[in-house]
């Protein structure tokens, strides 16, 4: 019980920190950072979109990893971590999928295009929708956990194929500006804002993750008590 | 090693024998394919669209939807009379069970894919010419990748309360690479382009099928364990 209280306190602290950071990030991206020359004002959405994208891939990667180890070790905590990471990933993927088209409408002239990273994110979103549907539609929770882990792992294996296949159509997406062989090409204040965004989203994700993890642990504990009390 | 292949062969033989006697999956998939081709033909306005230009995409859609009909019922026969328990308690390796069921499904779907190709050639007046062999290869690789994913997720969906309605939701997002390479290649081959132009795509289609088979063989044991 002490552990759950600690988890929840950590969740509260990190979430509050993340929300405060979010206000700071909005201030930075609206007022502090200089306007990009060619794209103009619409480029500012980049400071929300890109950190959301990074957090999404981190969350889904973590989910696939913990799912794989869960199938191996069968530790309930790993499955709980995978579930909470998948939920967080789905939230940030939704942010990425809503901010992207808003920017694309101005920059590319269209809300939607079958661009590789866009397509991949959409498909990942649906793969993780399947992840939750599988979990919730099995009578035996243990079976649901195994099925969901299989979906998460297959989804991760598919990413390179999806990426390669949609790359077949010419890419419209802006090229990477931070992680490149010759170092970041972004001007200083933009890089600062972007990295602030990444840190804020990461803290927010970890806060939400701990919250959910504490809740799932409580739920498992309640389940266990309900089962032992009836016997 | 030889016992492994004997076990695998026994599963394939059992499934194909059952199918040969009942013919319910192959006949439903075959009838679906022909009727879908008829519907697709009437869904096109031939005064604005040349049927030949869109045939490749429709061939793949027919193959996928028809395939779901048959592959979704892969474990239907095992769900009765506790037959699945029997197979799982038998000394056969779990991955041999998976590969056996996948190969049996592949044999069915490959026959259906040839039927689909024939029906579309007839209804859409395609001129396959010298590319027939390559088209059969491409459809075969596509069918293999599809049944590998389909068989794994048929085992998943048949273990849920949603049953077969869950199958397309799980499989469709994963089929995008296969459709991109498969339909693209088929379209070019139907348009009488040389094979060298699509060779890279065919290799990726093969890699996709192999990756799906390997992933299924490894993960299947976690799906069926009790």
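The values are calculated or read from the model by the stated rules, or taken from the named source; none is laboratory data. Please read these numbers as outputs of a predicted model, since none were measured by experiment. Heads up, the Cβs are rebuilt from the backbone with ideal geometry, glycines too, and the neighbour counts pull from every protein chain shown.
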Exclusive hit being modelled with pLDDT of 90 or more and surrounded by 17 or more Cβ atoms within 10 Å (Cβ to Cβ), set A:104, A:93, A:53: A:93
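Tell me, please, whether a residue that is within 25 Å of residue B:24 (Cα to Cα) and within 12 Å of chain A (Cβ to nearest Cβ) can be found in region B:130-145. Spell out how you get there, then give the answer.
Kept after step one, since they are within 25 Å of residue B:24 (Cα to Cα), are these residues of region B:130-145: B:136, B:139-145.
Among the residues that remain, those that are also within 12 Å of chain A (Cβ to nearest Cβ) are: B:145.
Yes, region B:130-145 contains a residue that is within 25 Å of residue B:24 (Cα to Cα) and within 12 Å of chain A (Cβ to nearest Cβ).
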Matching residues, region A:110-158, being more than 21 Å from residue B:161 (Cβ to Cβ), part of a helix (DSSP H, G or I) and either in contact (Cβ under 8 Å) with a residue 60 or more places away in the chain or more than 10 Å from chain B (Cβ to nearest Cβ) (or both): A:116, A:117, A:118, A:121, A:124, A:153, A:155, A:156
Some residue of region A:32-55 being in a helix (DSSP H, G or I) and within 14 Å of another protein chain (Cβ to nearest Cβ): no
The lone exception for residue A:128 - which of (1) over 20 Å from residue A:161 (Cα atoms); (2) crowded, with 22+ Cβ neighbours inside 10 Å it fails: (1)
Selection count, region B:164-181, where residues are more than 9 Å from chain A (Cβ to nearest Cβ) and free of Cβ contacts under 8 Å to residues at least 24 places away in the same chain: 1
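Do the conditions hold for residue B:152, that is, is it more than 24 Å from residue B:76 (Cβ to Cβ), within 12 Å of chain A (Cβ to nearest Cβ) and either part of a helix (DSSP H, G or I) or modelled with pLDDT of 90 or more (or both)? Give the steps one after another, and end with the answer.
On the way: more than 24 Å from residue B:76 (Cβ to Cβ): no; within 12 Å of chain A (Cβ to nearest Cβ): yes; either part of a helix (DSSP H, G or I) or modelled with pLDDT of 90 or more (or both): yes.
Considered against the rule, which asks whether it is more than 24 Å from residue B:76 (Cβ to Cβ), within 12 Å of chain A (Cβ to nearest Cβ) and either part of a helix (DSSP H, G or I) or modelled with pLDDT of 90 or more (or both), residue B:152 comes out as no.
Do we find a residue being part of a helix (DSSP H, G or I), under 15 Å from the mean Cα position of the chain (by Cα) and touching a residue at least 24 places away in the same chain (Cβ under 8 Å) anywhere in region B:182-197? Write out each step before concluding.
So in region B:182-197, the residues part of a helix (DSSP H, G or I) come out as B:182-190, B:195-197.
Still in the running and under 15 Å from the mean Cα position of the chain (by Cα): B:182-183.
With touching a residue at least 24 places away in the same chain (Cβ under 8 Å) added as a condition, the list becomes B:182-183.
Within region B:182-197, one or more residues are part of a helix (DSSP H, G or I), under 15 Å from the mean Cα position of the chain (by Cα) and touching a residue at least 24 places away in the same chain (Cβ under 8 Å).
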Meets criteria (touching a residue at least 24 places away in the same chain (Cβ under 8 Å) and loosely packed, with under 14 Cβ neighbours inside 10 Å) for residue B:85: yes
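Among residues belonging to region B:92-143 that are outside any helix (DSSP H, G or I) and more than 19 Å from residue B:193 (Cα to Cα), point out the one that is modelled with the lowest pLDDT.
If we filter region B:92-143 for residues that are outside any helix (DSSP H, G or I), which is where we start, we get B:92-93, B:124-128.
Next, only the ones that are more than 19 Å from residue B:193 (Cα to Cα) stay: B:92-93.
Details: B:92: 81, B:93: 84.
That would be B:92.
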Boolean, residue A:99 is part of a helix (DSSP H, G or I) and under 14 Å from residue A:55 (Cβ atoms): yes
All positions within region A:26-44 that are surrounded by fewer than 18 Cβ atoms within 10 Å (Cβ to Cβ) and under 22 Å from residue A:96 (Cβ atoms): A:26, A:27, A:30, A:36, A:39, A:40, A:41, A:42
Count - residues of region B:1-33 that are touching a residue at least 60 places away in the same chain (Cβ under 8 Å) and within 16 Å of the chain's Cα centre (by Cα): 9
